[in-house]
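Computed from the coordinates by the stated procedures, all read-outs in this text should not be read as laboratory data. This is a predicted model, so every value here is computed, not measured. Cβ atoms come from the backbone with ideal geometry, glycine included; neighbour counts cover every protein chain shown.
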Ligand SMILES: [Zn+2]
C-alpha cells in the first residue's frame, strides 16, 4: 500500500514538473512568431507587442514635447497623450507625488540601438526579457511613457509613494499600467511598474476595473 502511494506521489510530481516546463516553453514559443505588420498605427487603441510590429518608417504625426515641469529632459508624446500626462503629473504634484516622464516617444532606430545595446551588454536572453525588438516597442506610437518618482530611479519606481498613487489613478487620465504582474504570458513583457500607455479614459477605466490587459480588452 505504502509502495503504491509512493509510486503515485512520484507520478504526480513528474506530471507537475513536465507541466511546469512545457508551460514555460509554450510562453516563449508564442512571442515573435507569426508577426503581423500593424495597419492602424495612428489609432488610439493600436496594439503593439511581440506579435504586432510597426513599420520602421512609422512616426506619429502630432508629437509634442512634454513640458519640462513634467519630464526630466526633452520628451515627446502624441498631443492627446501629452495633455493627459501633464494633467496627471500636475495633479500628482499637488498631492505631493513626483511623477515625471523619463522616456516617451522612441523612434525605430533608437529602439534598435537600445535592443542591441542590451544584447551586447547582457546577452540575447536578457535583451528579449527586458527590452523590445525595433517595431515591437509601443514607445514608437507616441502613446507610451516610462516615469520615475521621488526616488529618481524608475527601476525602483514600485517602491515610491508615487507608484501607490498612480497605480490607482492613472486610468482617470486615460492611462493603463501596460505590463502588470502575473500577465507576462499575455503581454509578453515582464512586470514594469513604470511603463504607462495612453488608451483614453473609457478603455482605461474598463481595463483597470476588470484588471485585464490591452490584449484582453481588444479581444473583448
Ligand atoms: Zn517603457
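How tilted is helix 201-210 with respect to the longest principal axis of the chain? Cα atoms for both, answer in degrees (0 to 90, nearest 10).
The two axes meet at around 30 degrees.
Please sort 63-72, 209-218, 133-142 by packing, taking for each peptide the average over its residues of neighbouring beta carbons within 10 angstrom, highest first.
Result, highest mean first: 133-142, 63-72, 209-218.
With a 10 Å Cβ neighbour count serving as the proxy for reagent exposure, in which order, fewest first, do 73, 89 appear?
73, 89
Please report 32, 196, 105, 126 as a ranked list, fewest other C-beta atoms within 10 angstrom at the top and most at the bottom.
The fewest-first ordering by Cβ neighbours comes to 126, 32, 105, 196.
Tilt of helix 2-30 relative to the longest C-alpha principal axis of the chain, in degrees (0 to 90, nearest 10)?
Relative to the chain, helix 2-30 is tipped by roughly 30 degrees.
Return 194, 165 ranked ascending by Cβ neighbour count within 10 Å, so the fewest neighbours appear first.
Exposure proxy ranking, most exposed first: 165, 194.
Jot down the radius of gyration and Dmax of segment 118-220, Cα atoms only, both in angstrom.
Cα radius of gyration and Dmax of segment 118-220 are 13.9, 41 Å respectively.
If you line up the Cα atoms of segment 1-160 on their principal axes, what length do they span on each, largest first, in Å?
73, 40, 32
Over the chain, what is the mean sequence separation of C-alpha contacts under 8 Å (at least six apart), divided by residue count, expressed as relative contact order in percent?
Normalised by residue count, the contact order of the chain is 17 percent.
What is the Cα radius of gyration of segment 49-97 over 2.2 N^0.38 Å, N being its residue count?
1.43
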